[in-house]
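Peer 1: One structure coming up, written as structure tokens, with questions to follow.
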Amino acid sequence: MITGFLPDFCNNRTVFLLVLIIELLALVLALANSRTLENFWTDLALVSLFTQWVALMVAATLCRCRRWLACLHPPAVTVATFSIAQLITLLCSLLALRLATDTGFGAHSLDWLPAILAPQAISGIITLLALRYFYVQHQWQQNIQAEARARLQSLQARIHPHFLFNTLNTIASLIPGQPDRAEQAVLDLADLLRSALAHRESITLHQELELTRRYLAIERLRLGDRLRVAWRLDPDLPLDLPIPALLLQPLVENAIQHGIQCLPAGGILTIQIEKRTDALRITVANPQPATRDESHGSGQRIAQDNIRQRLQLAYATPDPLAIIETPAHYQVSFTVPLTVRD
């Protein structure tokens, strides 16, 4: 993966935003220079042609050089990008003067020198401001990602004492009469602990499903017939699709802790994964009691906020979790794209 604080100038969205910003700059320059409406439209056309020409050539050069620039330190990237922008601006200024009908290349220095220095100064100021913005934006993104990694590690290391205590008690009770089930429970618990200690930021969909199944197997030993699971998985799921770790299992854990185990008769936990044209739709639904403990609700929100932030970072979605809540029902859904971002 290519890193660095510069945006990807090979991306269509980045180029479109660049063209839009440069056109706004051309509009400001034309307004500042024009005195009549006729002159304004003429100046806007000429300034737009020149600035867009420079901007697109700079973007194309940075696109071709992005792998090389990604290997440099920020000060070197700043110097290299500034030099590229200045050189392209100078070449475009000389070419524009060469093509001009009223000021030829052989004009006196007082005629063409300001026409070269003004674009160089404007280009330099805009380039430095843009580089500063890109660097600050990159640092902010790095801080957000570091916070998300810290939250993921906290989520991976979080083993509820009650869950561990209840699991060990369940295993102990199974050993005399059902040693095979006790052995399987030990293996399931070992896999959960191994996943908690792995600190992986991404796993495959298959691994996430297996982790969730092992967690459910342990909880089913404790809750018995009170926990009923309805798996609704499309048959052609891309099981090798990489996704952020611990997306499904914490939601299932919340559904059991804050919903099913609070009901005397238990209930049905529904896990649905639908394959759509360009994404997977994952839904976890469970019944819930009419009155809930507020402390349990806060714990549920912490886990959901963690998942929401990691989905936002991984897939750049503004509000990835869709929550539907009624007095007797709770449902959480989110979407995972089928294509991995670069």
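The values are calculated or read from the model by the stated rules, or taken from the named source; none is laboratory data. The structure presented is a predicted model; accordingly, all values stated were derived computationally and were not measured. Here Cβ is always computed from backbone atoms with ideal geometry, including for glycine, and neighbour counts include all displayed protein chains.
The rows are residues; the columns are (1) under 20 Å from LEU129 (Cα atoms); (2) without any contact (Cβ under 8 Å) to a residue 40 or more places away in the chain.
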position	(1), (2)
ASP8	yes, no
PHE16	yes, yes
LEU46	no, yes
GLN52	yes, yes
CYS65	no, yes
ILE88	yes, yes
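Peer 1: Taking interchain pairs and intrachain pairs at least six residues apart, which have beta carbon atoms under 8 angstrom, with the first residue in the stretch 224-235 and under 10 Å from LEU269 (Cα atoms) and the second in a helix (DSSP H, G or I) and among the acidic types (Asp, Glu)?
Peer 2: Going by the 8 Å Cβ cut-off, the qualifying pairs are LEU227/GLU219.
Peer 1: Considering each of THR101, THR42, THR89 in turn, give the residue that is modelled with pLDDT of 85 or more, among the hydroxyl-bearing types (Ser, Thr, Tyr), under 27 Å from PRO114 (Cα atoms) and in the same structural domain as ARG132 (by the TED database).
Peer 2: THR89
Peer 1: May I ask you to say which residue of LEU241, LEU223, LEU247, LEU174 is farther than 25 Å from THR335 by Cα and modelled with pLDDT of 85 or more?
Peer 2: Going through LEU241, LEU223, LEU247, LEU174 in turn, the sole match is LEU223.
Peer 1: Looking at the stretch 43-63, can you tell me whether even one residue there is outside any helix (DSSP H, G or I) and more than 27 Å from GLN137 (Cα to Cα)?
Peer 2: no
Peer 1: Hey, among the residues in the stretch 45-63 that are at pLDDT 90 or above and over 17 Å from ILE116 (Cα atoms), which one's farthest from the chain's Cα centre (by Cα)?
Peer 2: It comes out as MET57.
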